[in-house]
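No value in this document is a laboratory result; all are computed from the given coordinates. Predicted model, so just to flag it, every value in this text is computed and none were measured. Note that each Cβ is placed from the backbone with ideal geometry, even for glycine, and that neighbours are counted across all protein chains shown.
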Amino acid sequence: MQVKEHLQATASVNYFKSNTNESYHSKMRVTSHSQNLATIMKKTLLLLASISLTSCLSQNKQNIDGKWYLINKSGFVEFTITKDSLFNEKLFPDFSSKRDWKTAIAIPKRVILKDRILLVGENPKNPSKFYTVMTLVQSEDGKSMKYIWNGIDSISTIEEITKLNESDNRQLLGYDLYTKEHLEALKERKSIDDMNLHDFKNYLEIYFQNLKASEYGKNLKGYYGEASSFNYQTGLSSLLEMGYNPIQTSNSMNSLFAKFIEKDEVKEFMKKLKEK
């Protein structure tokens, strides 16, 4: 009787252990399955978020509508781009209008290529022909873009203009256009009034390096009317590269150079830079 009871008890314990193990492994399988499912869902959501973000960035990068500002020698030039028009207006340094220079151009077509955007206008003498009003290259952050001055000038069909630009692998040179919000942020950069001799020499070196990198002499052939503006804009971008406020007029830049240019140390330094 005791043996029988012992066997029954042992069987009961084994049955309990068996059920417990099966329940445990079953729970583990369910937990593992849930974790795998959660991981898959998490990866899927991240992928969808990445695709959505990429799509938004791509759309934002191609969206150039709005007001853009070119820093010039006496203030700004405001470019207002809409879906079918381009407006230009010269402004004083305080953004008030000069009222003596304002233009409006119809833009019936916008061509978006991998490395540039073309604003295409209609040839007034022949409506079947078109020309490139502006060639633009956007920055990654969308706060600025380049207004290309050595783009392809051609009066042709839109298809031909597109093909010419797609096969164009020249270095594109342009002037920086900024949003007004970004210009306000640039005003907080260091003032050139505080530039010392050491920084001025660094500025000259960066300026000459930027001219050299742009293959200045080679790329200005056929665009000699741009020489003065190109030098000026290169000077402004060199200031920005050093952390200084690039919003300068010809008067403020002349004052900066007058402060240092007659020093023997600077004359000798410039001579060495030109010999490089």
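Enumerate the calculated ³J(HN,Hα) couplings along region 96-107 in order (Karplus 6.51 cos²θ - 1.76 cosθ + 1.60, θ = phi - 60°), each rounded to whole Hz, writing x wherever the residue is Gly or Pro.
Using θ = phi - 60°, the values come out as 6, 6, 7, 6, 9, 8, 8, 10, 9, 10, 6, 10 Hz.
In region 88-197, what is the count of Lys pairs whose alpha carbons are under 23 Å apart, counting only pairs at least 8 residues apart or on separate chains?
Going through region 88-197 pair by pair, I get 27.
At 0.36 nm per residue, minus the direct Cα-Cα distance, what do S85 and V137 gain on full extension? Give it in nm, one decimal, please.
Contour length minus the Cα-Cα distance gives 16.9 nm.
Taking the Cα of S214, stepping 7 Å toward and past its beta carbon, and measuring to each backbone N in region 238-276: which are under 14 Å?
Residues 238-241 qualify, since their backbone N sits under 14 Å from the label point.
If you plug each phi of region 170-176 into the Karplus form 6.51 cos²θ - 1.76 cosθ + 1.60 with θ = phi - 60°, what whole-Hz ³J(HN,Hα) values come out, in order, with x for Gly and Pro?
Result, rounded to whole Hz: 6, 6, 8, 10, x, 9, 6.
Report, by chain and number, residues whose modeled amide H sits under 5 Å from the one on S85, excluding near sequence neighbours (fewer than 5 apart, same chain).
Amide H to amide H, under 5 Å and 5 or more residues apart or across chains, S85 pairs with I107.
Taking 0.36 nm per residue of separation and subtracting the Cα-Cα distance, what length does fully extending F95 through D153 add?
Numbers: separation 58, 0.36 × 58 = 20.88 nm, distance 3.08 nm.
Stretched fully, the F95-D153 segment lengthens by 17.8 nm.
Counting other C-beta atoms within 10 Å, and keeping those with at most 16, which DSSP coil GluC sites (Glu not before Pro) do you find in region 102-162? Intermediate results must be reported in sequence, preceding the final value.
Working: sites: E122, E140, E159, E160; in loops: E140.
Those that pass, being in a loop and sparsely packed, are E140.
Of all GluC sites (Glu not before Pro) in region 170-276, which ones are in loop regions per DSSP and have a Cβ with at most 16 other Cβ atoms within 10 Å? Don't skip to the end; give the middle numbers.
On the way: sites: E181, E184, E188, E205, E215, E226, E241, E262, E265, E268, E275; in loops: E188, E215, E262.
Those satisfying the criteria are E188, E215, E262.
Restricting attention to the alpha-carbon atoms of region 93-149, what are Rg (one decimal) and Dmax (integer), both in Å?
14.4, 42
Under 5 Å between amide hydrogens, which residues at least 5 positions from L113 or on another chain qualify, with H placed 1.01 Å from N in the peptide plane?
Result for L113 returns L118.
Show the residues, 5+ positions off or on another chain, whose built amide H is closer than 5 Å to the amide H of G174.
Excluding prolines and chain starts, which carry no amide H, the hits are W149.
Grab the other residues whose beta carbon is less than 10 angstrom from that of I155, score K and R as +1, D and E as -1, and report the net.
Values: positive: K125, K129; negative: D153, E160.
Around I155, the charge tally is 0.
Can you compute the FRET efficiency between N196 and N251 using 1/(1 + (r/R0)^6), with r the Cβ-Cβ distance and R0 = 30 Å? Round to the nearest 0.05.
Working: r = 21 Å, r/R0 = 0.69.
Calculated transfer efficiency: 0.90.
When the Karplus curve 6.51 cos²θ - 1.76 cosθ + 1.60 is applied with θ = phi - 60°, which whole-Hz ³J(HN,Hα) does each residue of region 144-160 get, with x for Gly and Pro?
8, 7, 8, 8, 6, 9, 10, x, 7, 9, 8, 9, 7, 6, 4, 4, 6
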